[in-house]
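Written below as structure tokens is the structure these notes are about.
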Amino acid sequence: DVHSSLSSSGMHTSISEILKEKSLKPSRRSLPCLAQSQTHPINLNHFLSVPLSPEPKPEVDGLSQSISTSCKDGKDHYMEESEVTTCETRADDSSVFGTPASLLQGKNPAASSGLFFRDGKKRIDYILVYKKSSPQVEKRCTFEKNLRAEGLMLEKEPSLTNNDIMFVKVNAPWDTLCKYAEQMNIRMPFRKKCYFTDWKSKTLSSRFHLRCRQIKSWLPKNPMKLDKEALPDLEETDCYTAPFSRARMHHFTINNKETFFSNSTRSRIVHHVLQRTKYEDGKSKMGINRLLGNNTYEAAFPPHEGGYKSRHPIKTHGAQNHRHLLYERWARWGIWYKYQPLDLIRRYFGEKIGLYFAWLGWYTGMLIPAALVGVFVFLYGLFTMDSSQVSKEICEANTTIMCAMCEDTCEPWTLSDSCVYAKVTHLFDNGGTVFFAIFMAIWATVFLEFWKRRRAELTYDWDLIDWEEEEEELRPQFEAKYSRVERVNPISGKPEPFQPFSDKLSRLMVSVSGIFFMISLVLTAVFAVVVFRLIVMEKFASFNWKFVKKNWQFATSGTGVCINFMIIMSLNVVYEKVAYLLTNLEHPRTESEWENSFALKMFLFQFVNLNSSTFYIAFFLGRFAGRPGKYNKLFNRWRLEECHPSGCLIDLCLQMGVIMFFKQIWNNFMELGYPLLQNWWSRRKIKKGGGGGGGQNVENKAQLPQWDKDWNLQPMNAHGLVDEYLEMVLQFGFTTIFVAAFPLAPLLALLNNIIEIRLDAYKFVTQWRRPMPARATDIGIWHGILEGIGVLAVITNAFVIAITSDYIPRFVYTFKYGPCMNKAHHHEDECLRGYMNSSLSVFDMSELKNSSQPRYCRYRDYRAPPWSSVPYEFTLQFWHVLAARLAFIIVFEHLVFGIKSFIAYLIPDMPKDLCDRMRREKYLMQEMMYEAELEHLQKERKKNGRRYHHEWP
């Protein structure tokens with residue numbers, strides 16, 4: 001048996017003695033940390049707390065004995081008939097698999113739950129799924145034999161819904177967990193924390209504290225907080241932790257060996273073994289990922305802890321398991337306004353996913369003030385829309401003839417025809433635009449700086465402070481590729497595979513070339529959209545339908561945005577596959593490096609794809625159109641677009657609003673709707689009889705064991721959390737980069753994120769298989785990307801206000817050319833009187849051939865009239881406006897960057913009390929380790945009959 005071989009391996013004498021004890025007595029110097037022994041809710045089924053014996057012994061019954069033994073001579077006699085040629089022939093299905101789990105109901109509740117082996121004691125830590133018809137029999141047999149040799153225990157079970165599916169249940173015994181916990185440097189609790197602030201509470205007046213608590217009890221409860229009574233399992237694990245060591249096992253508080261390692265930790269250890277176990281001879285022939293790639297196995301995943309629904313209400317009967325608790329207190333839509341139980345999320349899904357939801361919740365909360373300010377700016381524009389002097393002049397300009405939008409089929413039009421367009425423009429282009437742009441730039445800095453503080457608190461609470469990147473394991477693909485070249489790791493001092501610089505540089509150059517090629521493809525698509533806009537502009541301007549002809553600007557922008565959106569969503573599919581290939585070509589060293597490289601490529605591709613057309617509208621639309629009689633044309637055929645007399649900002653606003661709205665709807669459908677449809681289809685096939693596999697007709701889904709239920713769920717995205725982060729980071733870019741053109745962007749983002757949190761929660765808890773719990777100390781490369789977006793937002797908003805908006809031309813007219821230029825006190829609307837006439841130039845239509853139209857028409861520009869000495873040359877006002885725009889950009893950027901830097905300096909990355917607490921605990925931990933070692937050695941001397949000394953032995 002595996003356990004007997006492990007226990008007979010040369011371990012320290014004191015360890016074997018400790019393993020014989022059922023429970024270790026806590027140190028007399030500190031209280032034990034009991035939180036690790038209470039990882040399950042109070043009302044869990046009683047079999048979840050059954051402790052394993054310290055050293056499990058071989059089962060006496062023939063069934064379990066045959067299941068737990070390994071392949072003999074490279075052969076496994078527990079395979080199906082299709083595998084007889086490779087492995088030893090079995091006698092009968094019943095002798096191999098025993099009684100199906102569905103027939104054990106009522107006899108052994110632990111076995112029938114789908115969370116344990118058939119003996120009801122060994123917990124299932126991982127599930128492997130394969131098809132009996134798969135030809136990769138030899139690889140699978142060798143792999144499973146090597147897994148048993150590593151100390152894992154396997155048990156096979158046929159699917160109740162598909163006769164071709166076989167499940168391999170994996171259990172890690174106590175000795176195996178200890179062995180790999182030591183190798184992986186997993187930190188485990190050994191003493192209860194003693195805070196340095198304890199002495200302060202004794203010196204302060206107790207009456208004052210009682211009075212404060214009494215006043216606080218009178219105040220209404222915060223509805224956003226979760227009741228502690230609703231989450232009885234979330235008592236703080238205030239314990240000192242240290243890397244686990246079998247030689248110092250007596251330091252750790254082990255009250256129950258079954259629950260000492262949490263479910264997520266057990267799954268992480270098993271995943272580590274699966275990643276590094278060979279299935280063939282050769283250094284590259286190892287790892288579950290390769291076996292999944294060549295269809296040896298269909299899936300590999302840790303099991304959920306049970307169902308997420310219960311017949312009984314959770315308030316009266318409590319939670320059945322952690323998954324049920326997460327669903328009731330996190331994933332239900334009815335509690336959308338409450339805070340997230342981050343500790344429970346971290347405990348069930350791991351620190352990496354916990355940090356994602358912590359960041360998403362923090363980002364959503366910080367959007368509330370931004371959304372409120374944006375709504376106030378929008379309402380200001382709405383209330384002043386009718387009283388705006390510019391809108392009044394446009395709506396009253398019945399006699400102002402504007403030049404035709406095309407030369408052959410279009411006719412001149414009056415300025416008053418665009419009255420509605422001008423009023424809508426004022427909603428987003430008003431005096432509050434500059435203030436809101438400055439506010440959002442500062443908001444982005446405050447958001448990131450306070451997230452650093454929040455992240456520091458979480459990493460402290462979750463015991464991630466001392467977890468470094470160097471502790472992360474190498475990717476099996478990297479080890480296989482560069483196993484011949486080794487060097488000593490400067491951190492650990494151990495030899496490890498090494499990628500030569502020349503190889504790394506060449507692969508990086510190929511990857512960068514691929515990135516530039518894809519970006520050029522994006523720019524080509526944008527150019528195609530520009531050509532499309534030029535074509536439809538002429539068509540709509542000469543349309544027979546008067547409504548379309550009158551609103552050709554809206555029609556052109558709307559159709560252009562829709563076409564652009566379809567191109568964006570189509571190209572996103574291509575980008576994902578290209579980024580995946582380029583990242584694998586680089587051969588990153590660790591999983592975090594792989595994710596960072598893949599995330600950067602996906603962000604560059606999608607950011608350029610999503611914002612390139614927006615940049616065109618913001619900074620190029622109408623800048624190179626020319627003038628009547630001398631228009632610039634594309635391919636000598638289509639005239640370049642002009643801005644509306646009231647500005648180009650409304651086109652930018654329409655572009656942002658449509659793309660942001662429809663993209664969020666599409667993303668939400670793909671995240672939830674698509675898995676729901678797939679899971680519904682799987683359940684439908686099960687009811688019909690096993691989905692084509694000839695399985696049993698299961699009417700009641702509750703009869704299925706947990707592994708069958710999880711198999712019918714959808715796997716998590718292959719790229720982990722990259723897609724989740726990417727969606728939110730792109731939204732952050734939309735919210736900050738062009739926010740001067742669309743002040744409602746933070747509100748749309750807030751509403752979407754409120755839905756996104758519960759949607760992601762529902763998806764993780766109910767629609768996806770349980771992902772492998774992983775550790776992380778931060779959100780990775782996304783923090784650097786967010787800081788880059790914050791810098792880019794300042795620059796783009798400065799250019800949007802200076803170039804796209806009409807704020808600067810109106811400002812110059814007010815103080816230089818308007819009726820109030822010499823007045824100290826003035827009203828804005830009075831000073832803008834005559835602005836529209838000042839911003840339009842005159843063209844003599846008689847210069848055009850075959851022109852039967854009125855002699856003069858107006859167009860948007862600052863040019864001399866045709867009767868001047870230098871006709872159609874730029875006027876002095878044009879140069880004044882240009883100088884003011886450049887000056888505004890410089891002043892705005894320096895001012896905002898100065899404020900951002902000052903705020904970043906004022907806000908430390910880590911709270912001072914947290915720094916003091918960490919330093920205090922480091923000091924106390926060293927003393928406790930010393931005292932615990934001293935106490936242990938003194939006990940050893942007493943046992944051996946030696947003299948007792950108080951000094952260090």
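The values are calculated or read from the model by the stated rules, or taken from the named source; none is laboratory data. What you are looking at is a predicted structure, and each value in this text was computed from that prediction instead of being measured. Don't worry about glycine lacking a Cβ; one is built from the backbone with ideal geometry, like all the others, and counts go over all protein chains shown. What goes into the accessible areas is simple: the full protein's heavy atoms, side chains included, and nothing from ligands, DNA or RNA. Shrake-Rupley method; radii C 1.70, N 1.55, O 1.52, S 1.80 Å.
Here are a few things to note about the model shown:
- Pairs from the table (K169/K494; K139/K179; K179/K942; K338/K663; K179/K452; K156/K179) lying more than 31 angstrom apart at Cα are K169/K494; K179/K452.
- Per residue, the accessible area of the range 255-414 comes to 40 Å² when a 1.4 Å probe rolls over the protein heavy atoms.
- Portion, in percent, of the accessible area of the range 559-619 that falls on carbon or sulfur, probe 1.4 Å: 73 percent
- The amide H of Y856, built 1.01 Å from its N in the peptide plane, has M845 as neighbours under 5 Å, considering only residues 5 or more places off or on other chains.
- Highest average packing first - 720-733, 867-880, Cβ atoms within 10 Å: 720-733, 867-880
- Vicinal HN-Hα couplings computed from phi for the range 616-624 (Karplus, 6.51 cos²θ - 1.76 cosθ + 1.60; Hz; Gly/Pro x): 4, 5, 6, 10, 10, 5, x, 7, 10
- When a 1.4 Å probe is rolled over the protein heavy atoms, the share of accessible surface on the range 759-822 that falls to carbon and sulfur comes to 63 percent.
- Added length on full extension, which subtracts the Cα-Cα distance from 0.36 nm per residue, V446 to L505: 17.5 nm
- Under Karplus coefficients 6.51, -1.76 and 1.60, residue-wise ³J(HN,Hα) of the range 806-812 in Hz, glycine/proline x: 9, 5, 5, x, 5, 5, 5
- Karplus-derived 3J(HN,Hα), 6.51/-1.76/1.60, for each residue of the range 773-787, Hz, glycine and proline x: x, 10, 9, 6, 9, 7, 7, x, 5, 5, 5, x, 5, 5, 5
- Applying 1/(1 + (r/R0)^6) with r as the Cβ-Cβ distance of L876 and N668 and R0 = 60 angstrom yields a FRET efficiency of 0.70.
- Ratio of Rg to Rh over the range 774-930 (Cα coordinates, Kirkwood Rh, two decimals): 1.33
- Under-5 Å amide H pairs with N162, H placed in peptide plane, nonlocal only: Q696
- The calculated FRET efficiency for E935 paired with R487, based on their beta-carbon distance and R0 = 45 Å, is about 0.60.
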